[in-house]
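**Student:** Mind having a look at this structure? Questions to follow.
Read-outs: derived from the displayed coordinates by stated rules, not from any lab. Everything numeric here is computed off the predicted structure, so don't read it as measured data. Because the Cβ atoms are built from the backbone with ideal geometry, glycine has one as well, and the counts that use them run over all protein chains shown.
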C-alpha cells in the first residue's frame, strides 16, 4: 500500500507543475522518467541545501556567490562539481569571467544518491540537458580530488 501511494504521488508530481513554471523550469522538459524522478527529488534537496546562496533560480548572489545557471565553471567539469557539492570549496574561482572568492561549505552528510539527485536537477534545468547523474558517477567523482 505504501508503495502504491508513493507511486501515485510521484505520478501526480510528474503530471502537474502546480502552475508555477519558474519553480519547475526544465523539469517538465525531461523525457527520461528516471532522470525526471532524480530531478524532482534533487530540486527539493537543492532548495534545502543550495538555494540560500545560489538562489532558487540558480543565478547566484551578485559578485559574492557564483551562479549555477549558465555557469561555464560547472559545465566544463561535472566530476569537479560533484566533488564540490560534497566537500565544499575554498579559494578563488572564475565563473563566466567573474572572480568569486567566498568559501562554499561542505555538505558532508549528503549521500551519493542525494548528490546525484541534486546534480541531475542542476544539470537538467535552466537550459541544460545533461541527463541522469548516477550515484556510481558521484562515487567515482568523490574518489578523485579535482
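**Student:** Within region 76-90, take every residue that is in contact (Cβ under 8 Å) with a residue 12 or more places away in the chain and surrounded by fewer than 15 Cβ atoms within 10 Å (Cβ to Cβ) and give me the one that is farthest from residue 38 (Cα to Cα).
**Tutor:** Among those residues, the one meeting the criterion is 90.
**Student:** Is at least one residue of region 96-112 outside any loop (DSSP other than H, G, I, E, B), surrounded by 20 or more Cβ atoms within 10 Å (Cβ to Cβ) and out of contact with any strand residue (DSSP E or B) (no Cβ under 7 Å at 6 or more places or on another chain)?
**Tutor:** No: zero hits.
**Student:** Right, here's the next one. If you check residue 61 against the conditions, is it surrounded by 14 or more Cβ atoms within 10 Å (Cβ to Cβ) and either on the phi < 0 side of the Ramachandran plot or in contact (Cβ under 8 Å) with a residue 24 or more places away in the chain (or both)?
**Tutor:** When the stated conditions are applied, residue 61 passes them.
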